[in-house]
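Data block below; observations after.
The values are calculated or read from the model by the stated rules, or taken from the named source; none is laboratory data. Keep in mind the model is a prediction, meaning the values are calculated, not measured. A quick note on method: Cβ atoms are made from the backbone with ideal geometry, for glycine too, and the neighbour counts reach across all protein chains shown.
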Amino acid sequence: MSYFFIEGVPLAAGRIVELCPGDVKHAYRVLRRRKGDWLDIGDGEGTVYSGVVIAAGPGLIQVRLEQPVVLDDPPLFITLLQSLAKNEKMDLVVRQAVELGVSRIIPVITERSVPRWDGDKGRRRVIRWRTIARAASAQCRRSRIPEVKPPVDFLQALATLPAPRAGLTLVPWEGEKKLGLGELLRQPFPFPGGFLSLFIGPEGGFDESEINALSVTGARSVHLGPRILRTETASAVTLALVQAAWGDLGGGDRP
């Protein structure tokens with residue numbers, strides 16, 4: 001069933017809601033939804049209802065909400081701290097991260113980050129990433145739209161990491177020679193709250209001073225095998241492996 005978000009409107013049975021203009025075009029012209037068809041509507045914050053289309057046209061689609069729908073939230077609350085990547089790579093990172101179940105994305109300006117957006121350009125990029133996150137959430141039927149924060153510098157990013165006894169921070173790093181991610185993932189997730197932060201380095205890699213600072217916070221560096229991955233590949237691979245071992249990517253019941 002087609003799935004759309006209507007943010008900022010309380011959802012309840014019997015309420016009549018309207019799709020936003022951008023979604024109307026997709027629903028009417030691409031999906032060809034018409035009066036009498038059913039749609040699922042979410043508020044982006046965890047509430048989802050199934051409803052019937054009561055009016056449909058090229059400029060307006062109205063839906064009468066009928067019954068709540070339960071969508072499973074990811075068992076892990078994953079924060080992706082992604083070092084800024086150049087060109088359109090951040091778009092790809094955001095889309096893939098949302099599809100793979102992250103709850104929050106924080107772009108980080110590290111020592112070797114190439115792009116350093118600020119001012120109007122930076123604000124436009126954040127709006128774009130949030131739009132991508134919204135579309136990806138609808139595509140993969142997320143009940144909540146992951147939060148995309150404005151870029152922060154490295155020290156600000158450190159302040160967002162969970163305390164060592166409250167959650168786990170993983171840092172894929174090519175300089176780590178002992179602990180592989182696969183070895184760590186064979187162990188149970190160590191924290192009952194499910195809070196996990198993944199800190200992905202830039203295209204030039206982390207500066208050693210940054211690794212030292214992360215280590216002081218309790219973060220654990222891991223390697224991803226013998227090959228050096230691009231930053232956008234590293235984030236997707238790490239998320240997929242973590243979700244397969246500790247999350248819901250593989251399907252079935254999780255402990």
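Residue check: Ser221 meets all listed conditions (1) of a type outside the set (A, V, I, L, M, F, W, C); (2) in a helix (DSSP H, G or I); (3) out of contact with any Pro (no Cβ under 6 Å at 6 or more places or on another chain) but one, namely (2). Within the range 93-105, the set of residues being without any contact (Cβ under 8 Å) to a residue 60 or more places away in the chain and not in a strand (DSSP E or B) comprises Val94, Arg95, Val98, Glu99, Ser103. Residues that are in contact (Cβ under 8 Å) with a residue 24 or more places away in the chain, touching a strand residue (DSSP E or B) at 6+ places or on another chain (Cβ under 6 Å) and within 26 Å of Pro188 (Cα to Cα) are absent from the range 239-255. Suppose the filter is β-branched (Val, Ile, Thr) and over 21 Å from Ala136 (Cβ atoms); does Val63 pass it? When the stated conditions are applied, Val63 passes them. The set of residues from the range 7-47 being under 21 Å from Ile132 (Cα atoms), part of a loop (DSSP other than H, G, I, E, B) and either among the small types (Gly, Ala, Ser) or in the same structural domain as Thr131 (by TED's automatic domain parsing) (or both) comprises Gly8, Gly44, Gly46. Would you mind stating whether Pro151 is at pLDDT below 95, within 16 Å of Thr79 (Cα to Cα) and touching a strand residue (DSSP E or B) at 6+ places or on another chain (Cβ under 9 Å)? Against the criterion (at pLDDT below 95, within 16 Å of Thr79 (Cα to Cα) and touching a strand residue (DSSP E or B) at 6+ places or on another chain (Cβ under 9 Å)), Pro151 qualifies.
Within the range 20-35, being crowded, with 16+ Cβ neighbours inside 10 Å and either under 12 Å from Gly51 (Cα atoms) or more than 23 Å from the chain's Cα centre (by Cα) (or both) holds for Val24, Ala27, Tyr28, Arg33. With respect to the stated conditions, Lys149 fails to be over 19 Å from the mean Cα position of the chain (by Cα) and over 26 Å from Val70 (Cβ atoms).
A single member of Ala163, Ala159 is part of a helix (DSSP H, G or I) and either at pLDDT below 95 or surrounded by fewer than 18 Cβ atoms within 10 Å (Cβ to Cβ) (or both), and it is Ala159.
The strands (runs of 3 or more DSSP E) found entirely in the range 48-92 that carry 2 or more residues being buried (at least 19 other Cβ atoms within 10 Å of the Cβ) and of a type in the set (Ser, Thr, Tyr) are 77-83.
Out of Arg130, Arg29, Arg33, I need the residue that is at negative phi, free of Cβ contacts under 8 Å to residues at least 40 places away in the same chain, among the basic types (Lys, Arg) and out of contact with any strand residue (DSSP E or B) (no Cβ under 8 Å at 6 or more places or on another chain). Which one? Steps first, answer last, please.
Numbers: Arg130 fails: out of contact with any strand residue (DSSP E or B) (no Cβ under 8 Å at 6 or more places or on another chain); Arg33 fails: out of contact with any strand residue (DSSP E or B) (no Cβ under 8 Å at 6 or more places or on another chain).
Criteria check complete, one pass: Arg29.
When you look at Thr47, is it in contact (Cβ under 8 Å) with a residue 60 or more places away in the chain and farther than 30 Å from Ala234 by Cα, yes or no? Here the answer is yes, as Thr47 does meet what is asked.
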